[in-house]
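The values are calculated or read from the model by the stated rules, or taken from the named source; none is laboratory data. Not measured: the values here are computed from a predicted model. Cβ sites come from the backbone with ideal geometry, for glycine too, and all protein chains shown count toward neighbours.
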Amino acid sequence: MNVTTHSTRFALMLTLGGFGALSPWAAQANMMQECQGQGLLNLAASTSEEVLNDQVRLNWLVQFERPAAADAVSEANKVLASAIAKLEKNPALKNLKNNIQSYPQYNKDGQPRSWVAQGTLSFEMPLESLKARGSVELDPPLALNNIQYFVGPAKTEAARDKLAKLAIAEFQAKAQSAAQAFGYKGYAINQVNLQDERGFTPPMPVMARAMKASAMDMASGTEVAAAGGTSNVQVSVSGSVCLKK
């Protein structure tokens, strides 16, 4: 795994007695009062790492077109309810979700001629479990719509802890180096913020489209080629320090 440390950006603002006093507003805006006439150094450092994805989200789709909206929704709901009852028995599956939306189909005169109900179903599982299974079985007419890979909470937290230490060390090193370069002996923390970006791939929206799936068109077991790839986990440290004489 490659860890990237980005160059730290810094800006130095000095307030020495010979330059006169700042107005109360300026002092508050620049937080100079906390440094008591010393130099104020603003810093930002970040580290990142490509982490192997260990979780997978499977997104399924079913669609029915019927003369009445209620009939189309009822058909989609029956399929989803049956699949949910089956999936809930599998402890390896997490974050089981479903949704149904309906929309009209229009004829040439602009009048509704039928209604389409589109049902979506998604769940998460360990990537290794998917590789071991080789296929995921759901009864037709549910169709596998897309697959998303991401880093699970355990690996994300481990990566964040390591990256936070690296980012903080980089922040401290740059603060000390800049202080000495400007003729100061050291520094004291004024304020600091720690931010992280988790290794997570947000769900892709399922766009309404005309897809007619039937039991005759699909097999109950869908073969899945599992290539998880990586996600980027990044931690940033930003803040300011007071330079000490």
Worksheet item: Does any residue of the stretch 22-32 turn out to be of a type outside the set (G, A, S) and modelled with pLDDT of 50 or more?
Response: no
Item to complete: Please tell me if S129 is assigned by TED's automatic domain parsing to the domain that holds Y106 and either modelled with pLDDT of 95 or more or of a type in the set (S, T, N, Q) (or both).
Response: yes
Worksheet item: In the stretch 98-147, how many are assigned to a loop (DSSP other than H, G, I, E, B) and in contact with a strand residue (DSSP E or B) (Cβ under 8 Å, 6 or more places away or on another chain)?
Response: 5
Discussion item. Give me the residue from the stretch 52-66 that is of a type in the set (A, V, I, L, M) and within 17 Å of the chain's Cα centre (by Cα) and, out of that set, farthest from F150 (Cα to Cα).
Written reply: L58
Worksheet item: Within the group K174, K162, K155, which residue is under 20 Å from N42 (Cβ atoms), of a type in the set (D, E, K, R) and either modelled with pLDDT of 90 or more or in the same structural domain as Q36 (by TED's automatic domain parsing) (or both)?
Response: K174
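Per-residue answers, yes or no, for (1) surrounded by 14 or more Cβ atoms within 10 Å (Cβ to Cβ); (2) closer than 21 Å to L52 by Cα; (3) among the β-branched types (V, I, T); (4) at pLDDT 95 or above:
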position: P104; (1), (2), (3), (4): no, no, no, yes
position: P140; (1), (2), (3), (4): yes, no, no, no
position: Y149; (1), (2), (3), (4): yes, yes, no, no
position: E170; (1), (2), (3), (4): yes, no, no, yes
